[in-house]
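S.K.: Quick one: structure below, then a few questions.
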Amino acid sequence: MRARSIMLLALLLGVACSSVELLPDRVRVRTGPAAGTKTRKVVALPATCGALSTLAGSPSESTGNPLTSECAPPDVEGVDGSVRAALEFQGFQVIDSEQLNATSRERIEKIETSRSVSQGVRSPESWSREVERRGATFVEAPPSLQRSILQELGADGLLSTRIWIGAATGLSARRAVEVQVRLLHVPSGKLVWARRCTLEVGGLITDAVAMERAARCATRGATAR
Amino acid sequence: MPRCPDRAGWLWCPAVRGVWAVCVLSAACSLSKPIPQARVRRGPAWTAPPSIVLALPAECISAQGDACTDAHRAAVDSAARMALEFVGYTLVDSQTVNVRLGERRELTRQTGAYGATTEQHEVEVKRVTWEEATLEERRAVIGELEADGILASAITMTMPDLVGDRTIEVRLTLSRAGDERVVWVSRCAVETGDGDLSTEQAIEHATRCALESATLVE
């Protein structure tokens, strides 16, 4: 009888706890003054990220406060890949700014193989290959050079992505994750569109998964003209 | 010391009276946190807002050395730039602007032995950005970018009080690049504390509050 009462009380408390439910995904789109202009060939800049989600159980040595995680570069690259793939599928011709050389890059390739023979028995071959590339890409170029590269390329759009992860709340580390994708018309420098998706995540969903989901949600419906 | 009677009247015996006094006094103290309030001030350049804005990295003012981290600054930067971009400003991150041509060195090392392969990738970038530039170079960059506005943001953290509460304020200032006249300043303070809002939650609330107030008055 007592066990049943406790279970009923626990159930009532659980039902009363409304914070278990996460908010639905929100997409906001803003069309700019260059919305009607042709933008097909787009140079995509690397995404930037800011995060306030805390790493549970790893307090700072000096203050005892939990450490704030920073966005992991592979996660940010994952968002870049997801946004670019989605836009390519929608008809854009996306050029990765990291692969766009501002100057010709020098490539040095070194290959080494070694094999030892002892008492007439040959050991399996071991090898190493080192590739070094030096130079500057679009990302390392000053604004004037970037402008001339875009002109030379005939690019009519510049794509930028921003990621934001809010502070974690409660035991389930409930937090907001936002991805915003913006397309600028290169010749006029005006906004074509900005699309933002906000997700609320918690529990076992990692920042990387949430970022990727938000990126897909933000690019949904963005079509090339 | 008078002894308390066993049953009737024990509530008002001297020992219990002391407890009552403490209860009444502590009830009079307000333990609730003040509601965050944003303050927005329009500046002399309000009527001529900029369109291309160079966003400077957030600065942190804290009496306690390591209270404010790079991640806090990056999060405020990201949220502020995202929101302002969405309302129509063209934002340029000062951290990504190169004053001169930089250099990237990529090194990929692969090794194989006994049928197993390992791969290592290393990237080294040498750049001179806004933060490393001289005043003259900064002026030249603003001209090159055709930026007519500057966005500055700051996080202020007070020293924690006896119970660990501290006030966190986020301030955003948009000014014109040419004459440095203020377009608007928005600030919002949120109080943090043990068992209540964490530092990160307070930063998030203060940033959102300062931003919404700034973008709503547009």
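The values are calculated or read from the model by the stated rules, or taken from the named source; none is laboratory data. This structure is a prediction, so every number in the text was calculated from the model and none was measured. Neighbour counts run over all protein chains shown; Cβ positions are idealised from the backbone, glycine included.
S.K.: Do we have A:ALA141 as facing chain B (nearest Cβ under 10 Å), of a type in the set (A, V, I, L, M) and more than 27 Å from B:LEU107 (Cβ to Cβ) here? Break it down into steps so the answer makes sense when it comes.
M.R.: On the way: facing chain B (nearest Cβ under 10 Å): yes; of a type in the set (A, V, I, L, M): yes; more than 27 Å from B:LEU107 (Cβ to Cβ): no.
Criteria not met by A:ALA141.
S.K.: Let me ask you something else. Of the numbered conditions (1) in a loop (DSSP other than H, G, I, E, B); (2) without any contact (Cβ under 8 Å) to a residue 40 or more places away in the chain, A:GLN180 satisfies every one except a single condition; which is it?
M.R.: (1)
S.K.: Working only within the range B:82-106, note down all residues that are in contact with a strand residue (DSSP E or B) (Cβ under 7 Å, 6 or more places away or on another chain) and in a helix (DSSP H, G or I).
M.R.: Residues satisfying the conditions are B:MET82, B:LEU84, B:GLU85, B:PHE86, B:SER94.
S.K.: Mind checking which residues of the range A:185-204 are buried (at least 20 other Cβ atoms within 10 Å of the Cβ) and closer than 16 Å to A:ALA218 by Cβ?
M.R.: Scanning the range A:185-204 gives A:LEU191, A:VAL192, A:ALA194, A:ARG195, A:ARG196, A:CYS197, A:THR198, A:LEU199, A:VAL201.
S.K.: Run B:ARG81 past the list (1) within 21 Å of B:GLU146 (Cα to Cα); (2) more than 7 Å from every other protein chain (Cβ to nearest Cβ) and report the number of the one that doesn't hold.
M.R.: Condition (2) is where B:ARG81 drops out.
S.K.: Going through the range B:167-218 one residue at a time, which ones are more than 14 Å from chain A (Cβ to nearest Cβ), part of a helix (DSSP H, G or I) and within 11 Å of the chain's Cα centre (by Cα)?
M.R.: B:ALA210
S.K.: From B:ARG104, B:ARG81, which residue is in contact (Cβ under 8 Å) with a residue 24 or more places away in the chain, within 30 Å of B:ALA140 (Cβ to Cβ), surrounded by 16 or more Cβ atoms within 10 Å (Cβ to Cβ) and touching a Lys or Arg at 6+ places or on another chain (Cβ under 9 Å)? Before you say what the answer is, go through the steps one by one.
M.R.: Values: B:ARG104 fails: in contact (Cβ under 8 Å) with a residue 24 or more places away in the chain.
It is B:ARG81.
S.K.: Given (1) more than 8 Å from every other protein chain (Cβ to nearest Cβ); (2) crowded, with 23+ Cβ neighbours inside 10 Å; (3) assigned to a loop (DSSP other than H, G, I, E, B), identify the lone condition not met by A:ALA167.
M.R.: (1)
S.K.: Right, here's the next one. If I filter the range B:60-82 down to residues being small (Gly, Ala, Ser) and more than 14 Å from the chain's Cα centre (by Cα), which single residue comes out as farthest from B:GLU169 (Cα to Cα)?
M.R.: Restricting to residues being small (Gly, Ala, Ser) and more than 14 Å from the chain's Cα centre (by Cα), the top hit is B:GLY65.
S.K.: Something else: Of these, A:PRO46, A:PRO33, which one is within 10 Å of another protein chain (Cβ to nearest Cβ), at pLDDT 90 or above, in contact with a Lys or Arg (Cβ under 8 Å, 6 or more places away or on another chain) and assigned to a loop (DSSP other than H, G, I, E, B)? Explain how you work it out, then say what you get.
M.R.: Working: A:PRO46 fails: in contact with a Lys or Arg (Cβ under 8 Å, 6 or more places away or on another chain).
Sole residue among the options that is within 10 Å of another protein chain (Cβ to nearest Cβ), at pLDDT 90 or above, in contact with a Lys or Arg (Cβ under 8 Å, 6 or more places away or on another chain) and assigned to a loop (DSSP other than H, G, I, E, B): A:PRO33.
S.K.: Give the residues of the range B:107-150 that are at the interface with chain A (Cβ under 10 Å from one of its Cβ atoms), in a loop (DSSP other than H, G, I, E, B) and free of Cβ contacts under 8 Å to residues at least 12 places away in the same chain, sorted by residue number.
M.R.: B:TYR114, B:GLY115, listed by residue number.
S.K.: Next question, about the same structure. Just to verify a result, which residue in the range A:106-138, among those that are of a type in the set (Ser, Thr, Tyr) and without any contact (Cβ under 8 Å) to a residue 12 or more places away in the chain, is nearest to the other protein chains (Cβ to nearest Cβ)? Walk me through how you get there before you give the answer.
M.R.: The initial filter retains those residues of the range A:106-138 that are of a type in the set (Ser, Thr, Tyr), namely A:113-114, A:116, A:118, A:123, A:126, A:128, A:137.
Next, only the ones that are without any contact (Cβ under 8 Å) to a residue 12 or more places away in the chain stay: A:116, A:118, A:123.
Numbers: A:SER116: 11, A:SER118: 16, A:SER123: 9 Å.
Per the stated criteria, the residue is A:SER123.
S.K.: Further question on the same structure: Report those strands (runs of 3 or more DSSP E) wholly inside the range A:72-155 carrying at least 3 residues which are under 27 Å from A:ALA215 (Cα atoms). Before you say what the answer is, go through the steps one by one.
M.R.: Values: elements: A:93-96, A:106-114, A:126-135.
In the range A:72-155, the matching strands (runs of 3 or more DSSP E) lie at A:93-96.
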